[in-house]
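Colleague: Take this structure, written in C-alpha cells, and hold onto it; I'll ask about it next.
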Amino acid sequence: MNRRDLLRASGVAAAGALSGCLVGGSSGDSDADSDSQFDSPSPPWSRSNAVYHQAHRKGMAMIGTAQKGDRTIGLSYTYAKRFWTVTGNQTKRVAVEDSYNSIHLMASVWDTETGTVLPVDSGLQVTVKRDDEKLTQRAMWPMLSQQMGIHFGDNFLLPSQEEYSFVIDSGKPTVQRLGALEDRSKDPITAQFSLDFTRSTRNEIPIEPRGAQPLESRGEPDALPPMEMSMQPVAVAPPKDELPGQLLGTGTNADAVVVFTASENADGTYLTVSPRTPYNQYFLPLMSLSATIERDGTTVFDGPLSTAVGPDRGYHYGATVDSIMSGDDLTIVVDSPPQVARHSGYETAFLDMSDVSLTV
Amino acid sequence: MEAVSRDRMTDKARELSRREYFQMLVATGGMAALSACLDEQESTETQAVPQGDPAKRPARQHAWNAVLGEDEHGNLRPPAHRVLVPLNLVTDPNEDDSATVESAFRSLESAYAYDSEGLLFTVGYTPSYFETVGAESPIPAPTALTSDEDPAFDSFDAMVHLASNRPDVVLEAEEALLGAVSAPNDVEMEATLDGIFQRGEPRRTGFVGPGLPKSKGKAVGGVPDELPEDAPFFMGFKSGFAESQASEDRVTVASGPYEGGTTTHVESLTVQLKTWFEQDNHFQRVAKLFSPEHASDELVGNIGEKLGTSTGVAGDIAQQTSTDARNEGVIGHAQKAARAREDGEPLLLRRDFNTVDGDRPGVHFLSHQQTIADFVRTRKAMAGGALAGNGVGQNHGNGILQYIFVRRRGNFLVPPRDMRALPAI
C-alpha cells in the first residue's frame, strides 16, 4: 500500500501573508464578478484560429507554497473564470454558473532548484475538505491562461465562508527528463494547504478595469503579459536564441510559434521542437508531434517525437536522429493539438493545426 | 425510538417519489427502514413476492444469468436493488456452525424465488477469513492497482451480495440473516448467522436501472441536471452490454478445491459527475467512455440506445487505442478495457451498480472473474498507464480516469454453492 507522506504546508503563514501576495494591479472594493457580462459562447471580438487580448486584467492570491523533496507545489486562487475544455480539436465552454462563493483554484509544480515548471501530464488531483469531511475530489484540468501560463485549474463553488483545506497530490510525471532533472525523484508528492475563505478577501483580488469598459486592446491580436509573481515561476519557453544547439528556424501554425534547434549528443543529433504561444512564449504542452526529415528526396527519419523537459529547453518535443544537414527538408506533423483547457483569448488558437515545414 | 424514525420516514414518503423513497430505505437499512418499506408496499398493492425452493437453485452461486431476463436488445437486466453485507466471525467456527450457516442461506432460498423478483445472492470470503480459520487463502489480498489511488481495503471476513428488483426483499433478507426478522416473506428461518457472524463495516448499497440514477440523484443532490432522465448508470449511458460481458463459464474456477466457484472484486468509486456533465459535452463523454470513433461517427445515441448488445470496441477500435491517443488526443474507457480480452472474450462478468453511500454519487464496481489476476489485468488495461505521455495524460483524455476516484477495494472467494457455508474449516 502506497500511503504517501502528507506534508503540512505553512497554510497559516501563507494566509497571514495573503495581502502581500495579492498581485496583478490595483485593488478594487466592489463585488466584481469577473466574466459574467462577457459570457457568450463566442465573443464577437474573438479571432478565428488566433490569440486575442482578453478583456480584463485579473490578479490572484497565493494560498501557499510547499516544498517536498526537490519539488515545490504552489496553490493560488482568483475569481471563478469561464474556460474551454479541449478534446481533440473540439472545445466545450464551461461557464461560471454561480460566482457568489466560487473560486478558480490554480496549482502548479516546479523543480525547486531550477524553477523549471514541471509538465502537466501527471494527473494532479485535489481533495477539498472542511474539517475532516471530504467535500469533493477532482483531477483538475491542465490549463493555459494569458496571465498565469500553464497550470492546473478548475472552478469550485464553496458552500460557505469558512476554512477549507486543499490536499494536492502531484501525480506521477511521465515525461522524459533531461539534464539536471534526470535524477530527480519521480514519486508523487502530496501537500496540504488551508484557506480561510471569505468573499471580502477574495474581492480584494484586483481586476482592471472595474467598470463596464474592457481593456482598450480587448480582442486585438495580442495577449496580456504574464503576471509578475514572486512566489512561483511561470511556464515560459526559453527565448529561441537561448535554446541549446543550432537554431534551425521557426514556423507558425494556428498562431503557435514553433522553434526548431539541433544539438549533438552521444547518439547523434537531438532535434528540439519547441512550440509556444505568441506574445508570452508559454510552452504548449500535451501535443502529439511527429517529424520527417528528407534529404535529396530520400526519407532519412520518420517517427514520433517524445515529450521531454529540461532546465535549458523547458518542456519540448524531441527525437535523436542520425544527423540533420543543411538542405534537409524538415516537416513536423501535428497529430493532435495541445490538449489543455483554455482561458479567454486562447480558445480558438492552436486547435486546427497543420504541418510545419522548413528547409535547413 | 423506532416509532419516531418510522413517523419520519412516512412523512418523507410524501415528499419523495415512491422509487426515491424505496432507494432511500435500502440505503438506510435496518428494521425501521424495512418496516416503512413494508407499510408503503401494503398501501400500494404490490404483487406478492414469490417464495422459492432451495432444490431449484444451481450449483454455482454466481449463476444468475438464466433468470435475469433481457432488455429489448437482448442485454441481461441486472437486479435493481443491492446490498453488500459485511460480516465478521465472532466465534472459532466448527462444523456445526457450518451447518447452521447453510441452514440460514437455505431458509432465504425457501423464502424467495430464484429470480430478480425474489432474491439472488452470493456469499464470498476474504483472505482475512482464511487466515482466521487457519487455512491458506486461495485469493490474494487486495492492493492498490494504479499510481494515483490510495484505497482502504475490505478486511472483514465475509460478504453477502443481496440483489432483487424489490427493495423490501434485500432489506428483509439482510435482517433475516442477522436474526432480526424471523419469518421473511412468511417463511420461517430455520437458522440465522447470529452468534457466528456479526455485521462488519462498511455496509454498501446501491441500485441500477433506467431512471434510478436521476431520481436518486435528485434525492441526495450533487447530480447535475444534464444526467439524462432514463440513464441506467450515473455516467449517463448504458453498460453491461452482452458482448462486453464474460460468460458465467468463463469466470468459473476450473479446478482445485473451489472448482465451480468464482472470485469477486469490489472496487468502490466516487464519480465526479459535476465535471463529467458540466465541463464536457456529449461528444467528449462518448469519446472518453467508448472511443473517439464512437464520438465522431455518432454511434452511441443519447444514452447508448444505438449500440444494441455490443459497444463494438473489440477488434479494430481496441487495436488502434495507442494511435487514437496520438491522433485524437483522447481514448475511450471501453476501448482500453477491450484490450484485455482472451480469445476475444472479456475476462470480467460485471455485476456493478450505482450508489449514493455517503451521500455522494459513486459506483460499487463488483465483478466476477476466474482469478483475481484477471481483474488486475483488465483494470490495468483500463488504467492505460503505458499510454500516458503518448498523446493522453495520466488521467486527462485517458478514458474516464479523470472522473473516478477509488475509495476501497476488496477480494473475495465465492465458493460453489455446496461449499458456501464457512469453507476450509
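The values are calculated or read from the model by the stated rules, or taken from the named source; none is laboratory data. Please read all numbers here as calculations on a predicted model, not as lab measurements. With ideal geometry, Cβ positions are generated from the backbone for all residues, glycine too; neighbour counts draw on all protein chains shown. Keep in mind that these areas ignore ligands, DNA and RNA; they rest on the heavy atoms of the full protein, side chains included. Shrake-Rupley method; radii C 1.70, N 1.55, O 1.52, S 1.80 Å.
Colleague: How much solvent-accessible surface does A:D352 expose, in Å² to the nearest 10, with a 1.4 Å probe and all protein chains in place?
Modeller: The accessible area of A:D352 comes to roughly 100 Å².
Colleague: May I pose another question? Any idea what angle helix B:167-177 forms with the longest principal axis of chain B, computed on alpha-carbon atoms, 0 to 90 degrees, nearest 10?
Modeller: Result, in degrees: 50.
Colleague: Continuing with this model, one more query. Is it possible to state the helix-based mean residue ellipticity at 222 nm for chain A, with each DSSP H run of 4+ residues giving -39500 (n - 2.57), the sum divided by total residues, to the nearest 500 deg cm²/dmol? What is it?
Modeller: After summing the helix terms and dividing by the residues of chain A, the value is -500 deg cm²/dmol.
Colleague: Here's a follow-up. At 7 Å along Cα-to-Cβ for each site, give me the label-to-label distance between B:F153 and B:R199 in nm.
Modeller: Between B:F153 and B:R199, the simple spin-label model gives 2.6 nm.
Colleague: Given the Cα-Cα distance of A:R295 and A:E113 and 0.36 nm per residue of separation, how much length would full extension add, in nm?
Modeller: Residue separation times 0.36 nm, minus the Cα-Cα distance, leaves 61.4 nm.
Colleague: How much net charge surrounds A:T114 when only other residues with a Cβ under 15 Å from its Cβ are counted (Lys, Arg +1; Asp, Glu -1)?
Modeller: -3
Colleague: Suppose every Lys and Arg Cβ carries +1 and every Asp and Glu Cβ carries -1, with no other charges. What dipole size does the stretch A:240-359 come out with about its Cα centre, to the nearest 20 debye?
Modeller: With only Lys, Arg, Asp and Glu charged at Cβ, the dipole is about 400 debye.
Colleague: Considering only protein heavy atoms, what is the solvent-accessible area of B:L89 at a probe of 1.4 Å, reported in Å² to the nearest 10?
Modeller: About 30 Å², rounded to the nearest 10.
Colleague: Please work out the FRET efficiency for the pair A:A95 and B:L38, using the Cβ-Cβ distance as r and a Förster radius of 56 Å; give the result to the nearest 0.05.
Modeller: After rounding to 0.05, the efficiency reads 0.75.
Colleague: Another question, then. Calculate, in nm to one decimal, what B:D186 and B:D343 gain on full extension: separation in residues at 0.36 nm each, minus their alpha carbon distance.
Modeller: Length gained, B:D186 through B:D343: 51.8 nm.
Colleague: Ignoring everything except DSSP H segments at least 4 long, calculate the 222 nm mean residue ellipticity for chain B; use -39,500 (n - 2.57) per segment, divide by total residues, nearest 500.
Modeller: So the calculated ellipticity at 222 nm is -8500 deg cm²/dmol.
Colleague: Would you please classify the overall shape of the stretch B:44-186 from the alpha carbon gyration tensor, given that a ≥ b ≥ c denote the square roots of the eigenvalues, rounded means a/c under 1.5, and beyond that prolate means a/b larger than b/c while oblate covers the rest?
Modeller: oblate
Colleague: Which GluC sites (Glu not before Pro) in the stretch B:135-188 pass both tests, a DSSP loop state and at most 13 other beta-carbon atoms within 10 Å?
Modeller: Those satisfying the criteria are B:E136, B:E188.
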